[in-house]
1. Using only the C-alpha atoms of segment A:6-86, find the volume of their convex hull and express it per residue in Å³.
2. How far is helix B:107-121 tilted off the main Cα axis of chain B, in degrees rounded to 10, range 0 to 90?
3. Of A:Val172, A:Ser186, A:Phe160, which is farthest towards the positive pole of segment A:153-214's charge dipole, taken about the Cα centre with +1 and -1 on the beta-carbons of Lys, Arg and Asp, Glu respectively?
4. Which percentage, to the nearest 5, of the DSSP beta bridges contained in the protein assembly as shown is antiparallel?
5. Among A:Ser92, A:Ile247, A:Cys27, which residue has its Cα positioned farthest towards the positive end of the charge dipole of chain A, with +1 placed on the Cβ of Lys and Arg, -1 on the Cβ of Asp and Glu, and the dipole taken about the Cα centre?
6. What are the ³J(HN,Hα) couplings of segment B:343-356, residue after residue, when phi is run through the Karplus curve with 6.51, -1.76, 1.60 and θ = phi - 60°? Round to Hz, x for glycine and proline.
7. Calculate, in whole percent, how much of the Cα-Cα pair population of chain B lies beyond 37 Å.
8. Mean 1/r over all different Cα pairs, inverted: what Kirkwood radius does the protein assembly as shown give, in Å?
Amino acid sequence: MRMEAAKIRPGDVIAKTLIWVFLILVCIYCLIPFAWMLSTSLKTEAEAFRMPPTWIPLKLTVDSYIGIWVRKNFGIYFFNSTVISLATAALSTFFGALAGYGFSRFFFKGRRFLIGFFLATQMLPGVLLVGPYFKILSKVGLYDTRTGLIIAFLTICLPFSTWMMKGFIDKVPDELDQSAMVDGCSRLGIFFKIVLPIVAPGMVATILFAFLLAWGDLLWALCLTSSEPMITVTLGIARTVGEFRIIWPMLMAGSLVGGMPAIILYVFLQRLLVQGLTAGAVKE
Amino acid sequence: MAEIRLVEVTKRFGSNTAVDRINLTAQEKEFLVLVGPSGCGKTTTLRMIAGLEETTEGEVYIGNRMVNNVPPKDRDIAMVFQNYALYPHMSVYKNLAFGLKQRKFPRSEINLRVTEVAHMLGIKELLKRKPKELSGGQRQRVAMGRAIVRKPEVFLFDEPLSNLDAKLRVQMRGELGKLHRQLETTIVYVTHDQIEAMTLADRIVVMHNGIIMQSGAPMDVYNNPKNLFVAGFIGSPAMNFFDVRITAEKGTLRVNGDNFQLTIPAGLQDRFLQAKDRELVLGIRPEHIYDRSIKGSFAGGEPLKATVEVVEPIGSQVILLASCGSENLTACVDPQTRAKPNAAIEFLVDTNHLHLFDKQTEKAY
Ligand SMILES: Nc1ncnc2c1ncn2[C@@H]1O[C@H](COP(=O)(O)OP(=O)(O)O)[C@@H](O)[C@H]1O
Ligand SMILES: [Mg+2]
């Protein structure tokens, strides 16, 4: 046997080692907060305040995980967040696709301006819009409703979804539309039967974006809802802080559980993010 | 079955005129081929027939119906796109069935037709596959099958073979011809390949810059090109052109080129006499130039001296690129030729097949 290893130069080894060390450090940096959350969530309230802190809880307990459902209304919060996020994701992606199809296929006056304008709205910080939205929703009686919150989120998500869906639809050759048209399909038929199925994998990205935006939001929920039955997960977690005291284990348990759906959704949909949406459709 | 008629049809994209007042009729059951160089407006013409593009001016008729305002789906046409445009998310079966399904055919009928067409095109084994699992030739068949299942009045083909490799192209060309005889429908077929046009067409329409330069039976167009453009476009290798003038001496007409002189045969004299005193372009097809040194190949004709530059044997023939004075010429001669590069050669020109064009108007005499 020849010694292949002999060919590796010492410089390579050092460089490789350094890269690994660096990457491991970054990983630790990123993961420590989560480890700390997990550790704290499994402690008793008293131990959470112990100095010096312990990494491994002395007395393991899942009381906090039970507490958030029993002593707090996490069931309601989860329901609200789920409904709001799913609706935001579904609606913004669907309407984004419709609008994106229009932008992709129809050349009307002011088209370029409108596309640019759509994107420009993304540059506005959301905080600027909260005030006006509060006013508007109050006026039309949608303050402190899930619908109101969904509408608000759609404002933020739609331009982005539209822009992204336009990008995906642009990749679907126009000849497919025309072929379907000759085959007897209406415009809407083409959208549903040809374009939408082809860009489906691309929609994952916009669904994720909208879902995560709605799920992770605190500002809008804080400003546009007030009563307990309308509270979302993030708001619920925030409210465990400072009523009388901070129950750290419960706060951490809530945060971890609250983060789960987003993670699960991501892992689930990420596999659908496949390349080559239109493979085989046309000969380039 | 239907006839297609375009009357004074113009299409402008902004200030760019893609199709310029063309008049065109495809007879019932005719295989009509639109041929011309890239960008001459073939696709635009076809798309106006399909209804995928509005006409700027003029009328389109299918059968006796003016269809200017009829959407594509109601024109009873089927179109095969240059890039196939198969639905990538559907199986071959579903691709074929899609048009019928849109038109609410009963499932049993759809099944029957799809099976029949798949059999006809030899793609029965592929019905369950997705387009991405097919080869170029197979995709092409599916694209064609998708048009055929609908049994439309009119087929429109936009360069359907241009994405295939040479061998497959020849094979599919043969099958297309067979298909036309089987289906007995009107076909309008677009191609930039003049050989495809010549072999497939009942009638060819040569286009250039959005204008119809000539239409007619392939061999008619080949034998009697009406202008310089058609003469140069149809035929491969292309026709040779020489700047000439005509002189008359003692009742015989001669063409005088830069470095040669040919006597015009009696049959052509009357026609060419009108061209006297004009600046002219003489056209000679490469296949009408013979190597004089080959015994028994061609007698008669007029001699033409030249210098061989390149010898290209292609098997059945040898293509000679030569220079004659300041002009270049191409000749397709018998493979027995012993022509060598940089050697002088004496050709014989079959003067019965001379073409004469006016240099200014580019029209044939
Ligand atoms: N959608 C369009 N917008 C603007 N110009 C176009 C469009 N389609 C075609 N053209 C122009 O019209 C002319 C003819 O095009 P086309 O019909 O595609 O030619 P061909 O099929 O003969 O190659 C070209 O100059 C082309 O640039
Ligand atoms: Mg074209």
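1. Per residue, the Cα convex hull of segment A:6-86 comes to 183 Å³.
2. Between the helix axis and the principal axis of chain B, the angle is about 30 degrees.
3. It is A:Phe160, whose Cα lies furthest towards the positive end.
4. The antiparallel fraction comes to roughly 75 percent.
5. A:Cys27
6. 10, 6, 9, 10, 9, 10, 9, 6, 6, 6, 10, 7, 10, 10
7. Beyond 37 Å sits 34 percent of the P(r) for chain B.
8. Radius from the Kirkwood sum: 31.6 Å.
The values are calculated or read from the model by the stated rules, or taken from the named source; none is laboratory data. This one's a predicted model, so the numbers in the text were calculated from it and none came from an experiment. Positions of Cβ are generated from backbone atoms using ideal geometry, with glycine treated the same way; all protein chains shown enter the neighbour counts. Only protein heavy atoms, including side chains, enter the accessible area calculation; ligands, DNA and RNA are left aside. Shrake-Rupley method; radii C 1.70, N 1.55, O 1.52, S 1.80 Å.
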